[in-house]
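Single-structure report; data block below.
The values are calculated or read from the model by the stated rules, or taken from the named source; none is laboratory data. Keep in mind the model is a prediction, meaning the values are calculated, not measured. Cβ sites come from the backbone with ideal geometry, for glycine too, and all protein chains shown count toward neighbours. All accessible areas refer to the heavy atoms of the entire protein, side chains included, with ligands and DNA or RNA removed. Shrake-Rupley method; radii C 1.70, N 1.55, O 1.52, S 1.80 Å.
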Amino acid sequence: MRQYPWLEHINSPADLKRLPAEELPGLCAEIREFLIKSVSKTGGHLASNLGAVELTVAIHRVFSVPRDDLIFDVGHQCYVHKMLTGRKDRFGTLRQLDGISGFLRPSESPCDSAVSGHASSSVSVALGMARAKKLAGRESATVCVIGDGAFTGGMAYEAMNDAGQSGLPLIVVFNDNDMSISPNVGAVAKRLSAIRIKPRYFRMKERTKAFLNRIPGGGSLIRGISACKSALRSAVLKETLFELMGFEYLGPADGNDVYAVCALLEQAEKLQKPVVVHLKTVKGKGYLPSQQAPGDFHGVSAFDTVTGHPVNAHKTDFSAVFGQTMCRLAAQNEKICAVTAAMSVGTGLDPFAEAYPKRFFDVGIAEEHAVAMAAGLAARGMLPVCAIYSTFLQRAYDQILHDVAIGGNHVVFAVDRAGLVGADGETHQGAFDVPFLRTVPGMKLFAPSNYAELRSALERAVLLESGPVAVRYPRGGEGPFRENTFDLPMKLVREGSAVTIITYGCLLPVALDAAQRLEERGVSAAVLKINELTFTDGDLLLRTVGDTGCALVLEDCVEDGCLGQRLAALLLEKGVNARLRLCNLGRRFVQQGTVEQLYTVCKIDAESVAEAAKELCHG
């Protein structure tokens, strides 16, 4: 017996369209089984994909990519789409170096209409595509899938407000797996909703309109009936937010019923106007551990499919230490508040939320709002700590400048996942926080290298500093360096006479390893550790570099705006004659892979640094 009798024959959307309708539920079951087995080995976003199986199959059944554009907001739930568009044989490489991405990537397939990775942008991008096709005289559908979580981001509402008035055939599939936007309550509302999603209702509606259009005064009659129907629906169902913004609203329907979803999508395509298709789905559907704890299976590492437990036992990491330190500080000072943007688990703030619920604020996927609100908290005497991943903090640059820094508000930014994060790839690498935070007047930026230093940096940032302060730290655990040097803005942690390696944060172990390799090759290397990246006193740096005559600056951020460029200017300004080499991520977006692999690719691993330093000394 074949392992996947239906799935093994689906290598393109055209294959899916040829599949008899009665076999679709069997295909969906096979897709779930395939996903569980595959993701258990590679890791990835599981629960969201399990919940989106039927709606993705239905989309590809009704529409035709790449002729029709299909965008998944964030992209966490695009695995089924990738399987149906010829990539299932490559799932063993998911999120690995040179493998297939866990998000949409047009460079990977023409079936991926746009880059994805951050939330709430899909409707904006889809509307732009729909407008471009209209201007070019090209007729095809534009479909975007967006979840209820992404609808907490203000950008989604800006786009919906614009799209609803456009009149363009844009279909927004609202994947609702947690909260309800439309307040449909009561038996009558449920009954009317059930009637509206049945195909025979749509056929009857179309036949009635066609008949009325053929008789005198039929147009006025149609408008009158429509007005009465809208009034009745508003009275019974309440008018949905989508309808207020100009969308035709279809649903809600069972998003895990592939036939119901197909029926709604077919009707949406016929309307040729902005349409929201509201689907209720079960996150993690079909795999009991995921269905019972979808949050735990949102993003997973390799796990045992029988128990659902991770293959590697959970270890303490920087995020957990941050959360523990926040709880300790909050117990001592009742003004301390925690703010996050839909990342209470990821940032380690769950214990804080449980212990101090009145001082914990999860604002949803709304980083701009989170930062501006934190500014308001600070302006009225509180001590807000805003915990946001580096890649998502990019969204709030204006609020950092305008709402926090100009007024000198004391907001502490806990910049989680700073530097390279690995398997999530280009859209998630924390490669830009150092350049953009260093441009903010009055900002202090700390870079601890281990857990003890994180505790010290956070305590200093919250209790001893004023104005905006950021503490950046990586994903994962600490390295072998355990000394706490955070009583100084910088410290020489290794003596040397031929070259100075300057670095900070999680790259310190790499620098020390490189220095040891250099010593074995007859080159004496000093290692200077920078704790405060916005330091004002650079005497130790100037003296050390002046003594060795060579300096290599090692960083896990992009080149433009990096600390190394500031150091180059400082050396020139102070007249220090030294050769300088910058080792960083360059001017690129860094692909996916393990962090160690990406260090090698970007030439910031110990061996590459040692070779670069040796060349510098002999240059």
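Could you check how many residues of region 13-60 are of a type in the set (S, T, Y) and in contact with a Cys (Cβ under 9 Å, 6 or more places away or on another chain)?
Of all residues in region 13-60, those of a type in the set (S, T, Y) come to 38, 40, 42, 48, 56.
Add one more test, that the residue is in contact with a Cys (Cβ under 9 Å, 6 or more places away or on another chain), and what stays is 56.
Here the count works out to 1.
Each row is one residue, and each column tells you yes or no for (1) open to solvent by 20 Å² or more (accessible area, probe 1.4 Å); (2) in contact with a Phe, Trp or Tyr (Cβ under 9 Å, 6 or more places away or on another chain); (3) more than 30 Å from A293 (Cβ to Cβ).
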site: W6; (1), (2), (3): yes, no, no
site: L27; (1), (2), (3): no, yes, no
site: R32; (1), (2), (3): yes, yes, no
site: A47; (1), (2), (3): no, yes, no
site: A52; (1), (2), (3): no, yes, no
site: F72; (1), (2), (3): no, yes, no
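Screening the candidates A526, A515 for the property of being surrounded by 19 or more Cβ atoms within 10 Å (Cβ to Cβ) and outside any helix (DSSP H, G or I) yields one hit, A526.
Total residues in region 455-472 satisfying the condition of being closer than 16 Å to L488 by Cβ, aliphatic (A, V, I, L, M) and part of a helix (DSSP H, G or I): the figure is 2.
For region 243-285, enumerate the residues that are in a helix (DSSP H, G or I), at pLDDT 95 or above and of a type in the set (D, E). Across region 243-285, the qualifying residues are E266, E269.
Looking only at residues of region 417-472 that are more than 20 Å from the chain's Cα centre (by Cα) and among the charged types (D, E, K, R), we find that the one that is most open to solvent (accessible area, probe 1.4 Å) is R455.
Assess whether R359 counts as being closer than 24 Å to T152 by Cα and out of contact with any Ser or Thr (no Cβ under 7 Å at 6 or more places or on another chain). Please lay out each step first, then the result.
Values: closer than 24 Å to T152 by Cα: yes; out of contact with any Ser or Thr (no Cβ under 7 Å at 6 or more places or on another chain): yes.
Yes; evaluated as a whole, the condition is true for this residue.
What do you reckon, is L598 open to solvent by less than 50 Å² (accessible area, probe 1.4 Å), of a type in the set (A, V, I, L, M, F, W, C) and closer than 23 Å to F103 by Cα? Lay out the reasoning, then the answer.
On the way: open to solvent by less than 50 Å² (accessible area, probe 1.4 Å): yes; of a type in the set (A, V, I, L, M, F, W, C): yes; closer than 23 Å to F103 by Cα: yes.
It is true that L598 is open to solvent by less than 50 Å² (accessible area, probe 1.4 Å), of a type in the set (A, V, I, L, M, F, W, C) and closer than 23 Å to F103 by Cα.
Here is a check on your reading of the model: is K17 assigned to a helix (DSSP H, G or I), over 28 Å from the mean Cα position of the chain (by Cα) and either among the basic types (K, R) or at pLDDT 95 or above (or both)?
Details: assigned to a helix (DSSP H, G or I): yes; over 28 Å from the mean Cα position of the chain (by Cα): yes; either among the basic types (K, R) or at pLDDT 95 or above (or both): yes.
Criteria met by K17.
Look at (1) under 22 Å from the mean Cα position of the chain (by Cα); (2) farther than 30 Å from K41 by Cβ; (3) in a helix (DSSP H, G or I) and you find that E354 fails only one, number (1). Among the residues of region 473-499, those that are without any contact (Cβ under 8 Å) to a residue 40 or more places away in the chain and either assigned to a loop (DSSP other than H, G, I, E, B) or crowded, with 24+ Cβ neighbours inside 10 Å (or both) comprise G479, P480, F481, R482, E483, N484, D487, E495.
Considering only region 94-132, state which residues are outside any loop (DSSP other than H, G, I, E, B) and free of Cβ contacts under 8 Å to residues at least 24 places away in the same chain. Within region 94-132, G128, A132 qualify.
Out of V499, V493, one residue alone is closer than 21 Å to F318 by Cβ and modelled with pLDDT of 95 or more. It is V493. Screening region 142-164 for residues that are outside any helix (DSSP H, G or I) and either among the aromatic types (F, W, Y) or modelled with pLDDT under 95 (or both) and picking the one that is nearest to H369 (Cα to Cα) gives G153.
Across region 406-442, the qualifying residues are those that are outside any loop (DSSP other than H, G, I, E, B) and among the β-branched types (V, I, T), and the one among them that is farthest from A457 (Cα to Cα) is V434. Just one of the listed residues (L454, L464) is touching a strand residue (DSSP E or B) at 6+ places or on another chain (Cβ under 8 Å) and within 19 Å of C327 (Cα to Cα), and it is L454. The residue of region 117-132 that is nearest to the chain's Cα centre (by Cα), among those that are open to solvent by 10 Å² or more (accessible area, probe 1.4 Å) and of a type outside the set (A, V, I, L, M, F, W, C), is H118. Taken over region 561-616, the criterion of being basic (K, R), within 32 Å of the chain's Cα centre (by Cα) and more than 17 Å from A515 (Cβ to Cβ) is satisfied by R566, R587, R588. Among the residues of region 292-345, those that are part of a helix (DSSP H, G or I) and either of a type in the set (S, T, N, Q) or open to solvent by 70 Å² or more (accessible area, probe 1.4 Å) (or both) comprise Q292, S319, Q324, T325, R328, A331, Q332.
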